[in-house]
Amino acid sequence: VHILRTMDLLEAHYDDYLAYLFDKSKTIVKRDTSVCYYDCSNYYFEIESPDDDYVDEITGEIIKGFRKYGISKQHQPAPLVQMGLFMDSDGIPLSMCLTPGADNEQTTVIPLEKKLTEMFKGKKFIYCADAGLGALSIRNFNSMGGRAFIVTQSIKKLSGTLKEAVFNDTDYRLLSTDNEVSVAAMKRFDKNDPANRNLYDDKLYKIVTADKAIDLGLYEEKTLKSGKTKTVKSKAVVKQKIIITFSRKMMEYQRFIRNRQIERAKALLKNIDPDLYKKGPNDVTRFIKRTSSSKMGDKVIDRYALDQDAIEAEEKYDGYYAIATNLDDSAKDIIEISSKRYKIEDCFRVMKTNFSARPVFHQNKERIIAHFMICYTALLIYRLLEKKLDLNQTHFSVENIVETLKNMEIANIEDMCYMSTYTCSQVCTALNTVFDLELNKKYYQPKELNKKIKKILG
């Protein structure tokens, strides 16, 4: 009962609690908020149906259900709740938001970023995210707010002119030396020659200006050459450039994966079931095409074959990657910042795998929110602990650290003293070095242990 009441209190002070955690974390380690990384993930609930929307009879207000069907990244056919998470350059959480699983994840960015700006007291930062969270409206919000952005850009969704610039094999430079090298040359060299190992690990880049005009929703008077005036929509320009890269190593990896998928598609063709066939954008069936034919009055006959055109169209993009930004920094620095996005995926993995954040068994919306607040707190504590260990030049896996902490139990010996039931380990030794708690003893006096607890709680 006390735990549930505590959860209700947590939810009631949601924003204040997250801001408090951030402020207190700054006293433990120095927070690097120069770059803020954002991503979303979802969590499933083992229930048979989603929450219904509720319409207030008096006010007409629509209160949306919290657990809703949506696109599950784990392909779990269950109602979902979506979490948006900001982290700093060290992979330490900054803030989070929770929304129904059916909501578009792009709508979560700006409201949470506004809260983050308040928490930072107006301090500027670079917004960094993948293409799914880098819509023009988000880029514009950061640009107009005097902040920079670095977002992954889908090459397939670029305009025709920009696509031409991508595949035009001129002006590409080697990232390590800035020497001009063609994509064709990168595709030709002998990757098995040890002398070419550095070239195989390197990548090419090209910078293309891609400023975008946006509608401000305002109108202004424009004077024509004839002297007449005309009311026109006001336009603003989002300054941005696209950094296009090409990697031979990435090209080889993507073709290896595709070749395996093609082999699975060929195996599927040998005994394909027309009733179950459904072409998907990401599975092996995208390489299978169906053609239907019939003679007058005859039954329609479906034929299936490998879609060579689809394979070649996809192969064209192998090795290419693009980043959109309004920064004037070097391409190498921008690419390095973007490359750290993997840490936020690791945050979600730790929460889901090591802290059992899913499945969630609470029914009440407030308790569900409190559940994720507790998971977020656990992630923050772990990341701070990991950072402190790293500063001491010691690193352990999350599994090692969590297992060590779980095993650090003590037994009451007839109210005279406490005996540790765990044995010392490398992780335990490192924790003792960093936090100076002397938790490697066999026996503890009650007063001594109470002092240590007070020291931990601060």
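The values are calculated or read from the model by the stated rules, or taken from the named source; none is laboratory data. It should be emphasised that the depicted structure is a prediction, and the values quoted were computed from it without experimental measurement. A quick note on method: Cβ atoms are made from the backbone with ideal geometry, for glycine too, and the neighbour counts reach across all protein chains shown.
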Determine whether segment 250-263 contains at least one residue that is over 27 Å from the mean Cα position of the chain (by Cα), under 30 Å from Asp202 (Cα atoms), in contact (Cβ under 8 Å) with a residue 40 or more places away in the chain and surrounded by 12 or more Cβ atoms within 10 Å (Cβ to Cβ).
yes
Looking at (1) surrounded by 12 or more Cβ atoms within 10 Å (Cβ to Cβ); (2) at pLDDT 95 or above; (3) closer than 22 Å to Ser176 by Cα, which is the only condition Asp329 fails?
(2)
Tell me, which strands (runs of 3 or more DSSP E) wholly within segment 246-352 include 3 or more residues that are hydroxyl-bearing (Ser, Thr, Tyr)?
288-293, 320-325
All conditions in (1) surrounded by fewer than 16 Cβ atoms within 10 Å (Cβ to Cβ); (2) modelled with pLDDT of 90 or more; (3) in a helix (DSSP H, G or I); (4) of a type outside the set (Ser, Thr, Tyr) are true of Lys30 except (3)
Considering only segment 223-244, I want to know if a residue exists there that is out of contact with any strand residue (DSSP E or B) (no Cβ under 8 Å at 6 or more places or on another chain), at pLDDT 75 or above and assigned to a helix (DSSP H, G or I).
no
Can you confirm whether Tyr69 is at pLDDT below 70 and among the aromatic types (Phe, Trp, Tyr)?
yes
Please count how many residues of segment 269-313 are surrounded by fewer than 16 Cβ atoms within 10 Å (Cβ to Cβ) and within 31 Å of the chain's Cα centre (by Cα).
9
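Quick grid of which residues meet (1) over 29 Å from Ala135 (Cα atoms); (2) in contact with an Asp or Glu (Cβ under 8 Å, 6 or more places away or on another chain):
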position	(1), (2)
Gln240	no, yes
Phe256	yes, no
Tyr277	yes, no
Asp283	no, no
Test each condition in (1) in contact with a Leu (Cβ under 8 Å, 6 or more places away or on another chain); (2) among the polar types (S, T, N, Q); (3) within 30 Å of Arg188 (Cα to Cα) for Gln254 and report the one that comes out false.
(1)
Quick one: count up the residues across segment 372-399 that are over 21 Å from the mean Cα position of the chain (by Cα) and in contact (Cβ under 8 Å) with a residue 60 or more places away in the chain.
2
Filter result (over 25 Å from Asp16 (Cα atoms) and out of contact with any helix residue (DSSP H, G or I) (no Cβ under 8 Å at 6 or more places or on another chain)) within segment 359-390:
Pro359, Phe361, Asp390
Take Ile344 and tell me if it is more than 30 Å from Val183 (Cβ to Cβ), among the hydrophobic types (A, V, I, L, M, F, W, C) and crowded, with 17+ Cβ neighbours inside 10 Å.
yes
Tell me which of these Ile207 doesn't satisfy, since it passes every other one: (1) in contact (Cβ under 8 Å) with a residue 24 or more places away in the chain; (2) assigned to a helix (DSSP H, G or I).
(2)
